[in-house]
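Here the structure is laid out as structure tokens; the discussion comes afterwards.
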Amino acid sequence: MKVAEAVGRALAASGIGQVFGVVGSGNFHVTNAMVAAGARFVATRHEGGAATMADAYARTSGTVAALSVHQGCGLTNALTGIGEAAKSRTPLVVIAPEATQRHSNFHVDQEALGRAVGARSARVTSAADAVAQTTAAVRVAAQERCTVVLNLPLDVQAQEVPDAERALAAVAPPPPRTPVEPADVDVAALAEILAHAQRPVFIAGRGARGAPGRAALEELAERCGALLATSAVARGLFHGNPWSLDVAGGFATPLAAELIAEADVIVGWGCALTMWTTRHGRLIGAETTVVQVDDDPAALGAHRPVHLGVTGDVALVARRVLAAAEDRVGHRTATAAFALAARPGWRDVPYVDGGTRDRIDPRTLSIALDEILPPQRVIGVDSGNFMGYPTMYLSVPDEQGLCFTQGFQSIGLGLATAIGAALALPDRLPVAAVGDGGLMMSAVELDTVRRLGLPMVVIVYNDDAYGAEVHHFGPDGHPLDTVEFPPASIAAIARGYGFEAVTVRTVEDLKAVRDWVAGPRTSPLLIDAKVLRDQAAWWLEEAFRGH
């Protein structure tokens with residue numbers, strides 16, 4: 001057995017059941033070996049799309065996924081998606097064949113490329129160690145929650161593996177990550193802070209996702225009277241809880257921002273407390289005590305100073321603190337209850353509809369689609385001026401309902417994000433919310449949607465421009481020729497890929513969407529929504545402050 005086959009079989013035996021990619025000469029044999037061993041391969045039209053699909057699949061499924069690319073140029077094509085995965089700590093293995101001869105057209109320093117975007121680097125160096133080095137890469141990805149580029153030199157791939165069957169027989173999926181136990185002194189310190197808190201707020205992030213984290217945090221919040229919020233990546237975690245503020249940060253409702261800013265104690269649970277989540281610190285009062293709980297000690301205080309950092313698993317810390325906590329009213333006053341009942345979400349915040357006969361208000365569009373589309377959904381959102389509308393106005397049933405690939409702030413990832421998430425949650429309606437700029441960058445993956453038979457809805461917030469730049473530079477009188485484009489029929493493009501498509505300028509045009517939802521949904525649907533061009537987004541003002 002050659003190394004290429006042994007590596008593919010070892011990846012599958014290590015528990016990787018889903019791989020995305022574009023196959024070329026260097027990754028042909030290793031990819032086929034994974035498929036023969038039981039893994040599912042999804043062929044994409046571009047390596048960039050494959051990388052983001054693998055990222056989204058891993059985030060949504062909670063398993064390690066794989067990306068398979070060609071040597072050199074295949075890897076460079078995928079780097080933006082790999083960078084997004086690495087920044088978001090996605091457990092992902094990138095199978096990267098490597099041309100080690102310097103005169104090869106495909107030669108690049110692949111190890112340096114991976115490190116440059118924040119990924120770990122590993123390499124299969126010999127036939128004798130191929131299986132062990134492959135399984136070690138999967139173990140690192142799973143247990144350290146990181147993206148690993150596994151370099152496979154072409155000359156090594158062709159070597160014979162000694163006693164391959166015996167080596168493969170010993171391969172098993174890596175054990176689950178062991179929850180990190182908190183120190184007693186840290187648990188006591190957090191319990192003491194909460195015992196004196198008058199207006200506590202919990203903000204849960206990626207590290208709190210899942211049933212154990214939700215249950216533990218809701219019980220502790222009930223005991224100490226805390227209000228509940230999430231970062232964008234954990235949106236939906238507290239869905240249905242009457243004390244939920246939904247998302248903190250740039251997407252927070254005015255009421256949520258007001259109540260968070262009033263807090264005397266804020267605890268970030270598995271949440272980085274970045275400038276986005278805290279609105280550059282403006283949601284945290286000068287006298288507010290800030291606590292951060294994370295199982296990675298390097299994360300504590302990384303984005304802002306904290307008064308107490310607790311190293312430990314979110315659910316374990318919350319359970320330990322709960323055992324020492326006393327019942328308190330805290331922030332759960334009658335006034336807060338009334339306010340939350342009266343103004344629970346963005347759709348309840350009044351606004352003046354600016355729609356015309358030619359262009360629909362993106363808020364009106366999003367609210368209408370929230371009512372039309374089935375509630376059991378998984379949404380992938382691209383980056384751009386429009387991104388807050390689907391994130392704020394389209395509801396999600398739980399923390400699995402939104403896949404938010406925004407760690408790199410790249411546009412063009414939203415469509416692939418929705419594809420990867422859809423494959424992880426096949427019982428939900430997949431929804432891709434993208435801008436026209438991002439859709440044009442990734443339109444080739446419409447073919448992947450159609451080929452996979454996904455009953456997807458692609459919503460294009462089409463303002464014929466890179467809207468973020470228009471609204472950032474336009475008010476200062478800068479020329480905008482470089483970021484505005486002639487109108488294009490994205491609906492026609494979608495039909496060319498086999499989609500049903502509708503152009504939406506007014507609410508009445510959404511009848512075609514209702515008909516699609518009620519029908520057999522045998523083809524995916526693209527909504528080319530001609531949205532207002534003068535609708536600046538306040539959340540983009542926050543983003544540009546962070547550049």
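The sole residue among Thr60, Thr90, Thr100, Thr44 that is more than 22 Å from Ala421 (Cβ to Cβ), in contact (Cβ under 8 Å) with a residue 40 or more places away in the chain and touching a strand residue (DSSP E or B) at 6+ places or on another chain (Cβ under 8 Å) is Thr100.
Residue pairs whose Cβ atoms lie under 6 Å apart, separated by 6 or more positions or on different chains, with the first residue in the range 1-18 and more than 11 Å from Gly38 (Cβ to Cβ) and the second surrounded by fewer than 21 Cβ atoms within 10 Å (Cβ to Cβ) and of a type in the set (S, T, N, Q), are Val3/Gln159. Thr311 satisfies every condition listed in (1) in contact with a helix residue (DSSP H, G or I) (Cβ under 9 Å, 6 or more places away or on another chain); (2) under 30 Å from Pro397 (Cβ atoms) except (2).
If you go through the range 502-509 one residue at a time, do you hit one that is modelled with pLDDT of 95 or more, among the acidic types (Asp, Glu) and closer than 24 Å to Gln535 by Cα? Yes: the range 502-509 contains one or more residues that are modelled with pLDDT of 95 or more, among the acidic types (Asp, Glu) and closer than 24 Å to Gln535 by Cα. Restricting attention to the range 410-424, and to residues there that are open to solvent by 10 Å² or more (accessible area, probe 1.4 Å) and either touching a residue at least 60 places away in the same chain (Cβ under 8 Å) or assigned to a helix (DSSP H, G or I) (or both), which single residue is farthest from Thr448 (Cα to Cα)? Here the residue is Ser410.
Listed by first and then second residue, the pairs linking a residue in the range 509-532 that is farther than 20 Å from Ala492 by Cβ to a residue that is among the hydroxyl-bearing types (Ser, Thr, Tyr), with Cβ atoms under 9 Å apart and 6 or more places separating them unless they lie on different chains, are Leu532/Thr356. Of all residues in the range 73-86, none that is touching a residue at least 60 places away in the same chain (Cβ under 8 Å) and at positive phi has its Cβ atom under 8 Å from the Cβ atom of a residue that is part of a helix (DSSP H, G or I) and open to solvent by less than 20 Å² (accessible area, probe 1.4 Å), 6 or more apart or on another chain.
Considering the range 508-530, the residues that are open to solvent by less than 60 Å² (accessible area, probe 1.4 Å) and in a helix (DSSP H, G or I) include one that is nearest to Ile367 (Cα to Cα), namely Leu510. Given the criteria among the acidic types (Asp, Glu), at pLDDT below 95 and either open to solvent by 40 Å² or more (accessible area, probe 1.4 Å) or not in a loop (DSSP other than H, G, I, E, B) (or both), does Glu258 qualify? Yes. Residues in the range 452-474 that are over 14 Å from Gly435 (Cα atoms) and free of Cβ contacts under 8 Å to residues at least 24 places away in the same chain: 3 in all. Every residue in the range 212-244 that is aliphatic (A, V, I, L, M) and within 22 Å of Thr405 (Cα to Cα), please. Scanning the range 212-244 gives Ala229, Ala232, Val233, Ala234, Leu237.
Taken together, the residues in the range 62-114 that are in a loop (DSSP other than H, G, I, E, B), touching a His at 6+ places or on another chain (Cβ under 9 Å) and over 30 Å from Arg209 (Cβ atoms) amount to 6. Identification of helices (runs of 4 or more DSSP H) wholly contained in the range 140-235 with 2 or more residues that are open to solvent by less than 50 Å² (accessible area, probe 1.4 Å), more than 21 Å from Asp398 (Cβ to Cβ) and not charged (D, E, K, R) yields 154-157, 164-169, 184-195.
The helices (runs of 4 or more DSSP H) falling completely within the range 425-476 that include 1 or more residues that are at pLDDT 95 or above and more than 22 Å from the chain's Cα centre (by Cα) map to 446-452. Answer yes if at least one residue in the range 2-12 is under 17 Å from the mean Cα position of the chain (by Cα) and more than 21 Å from Met440 (Cα to Cα), and no otherwise. The answer is no; no qualifying residue exists.
Across the range 241-252, which residue is surrounded by the fewest Cβ atoms within 10 Å (Cβ to Cβ) among those that are over 15 Å from Ser395 (Cβ atoms) and in contact with an Asp or Glu (Cβ under 9 Å, 6 or more places away or on another chain)?
Once the filter is applied, the top-ranked residue is Trp243.
Only one of (1) over 18 Å from Gln159 (Cα atoms); (2) in contact with an Asp or Glu (Cβ under 9 Å, 6 or more places away or on another chain); (3) open to solvent by 10 Å² or more (accessible area, probe 1.4 Å) is not met by Ala65, so which one is it? Every listed condition holds for Ala65 apart from (3). Just one of the numbered conditions (1) at pLDDT 95 or above; (2) open to solvent by 10 Å² or more (accessible area, probe 1.4 Å); (3) among the aromatic types (Phe, Trp, Tyr) is not true of Phe238: (2).
Considering only residues of the range 121-139 that are of a type in the set (Val, Ile, Thr) and touching a residue at least 40 places away in the same chain (Cβ under 8 Å), which is most open to solvent (accessible area, probe 1.4 Å)? Here the answer is Thr135.
The values are calculated or read from the model by the stated rules, or taken from the named source; none is laboratory data. It should be emphasised that the depicted structure is a prediction, and the values quoted were computed from it without experimental measurement. Note: ideal-geometry Cβ built from the backbone for every residue, glycine included; neighbour counts use all protein chains shown. Quick note on the areas: whole protein, heavy atoms, side chains included, nothing else; ligands and nucleic acids left out. Shrake-Rupley method; radii C 1.70, N 1.55, O 1.52, S 1.80 Å.
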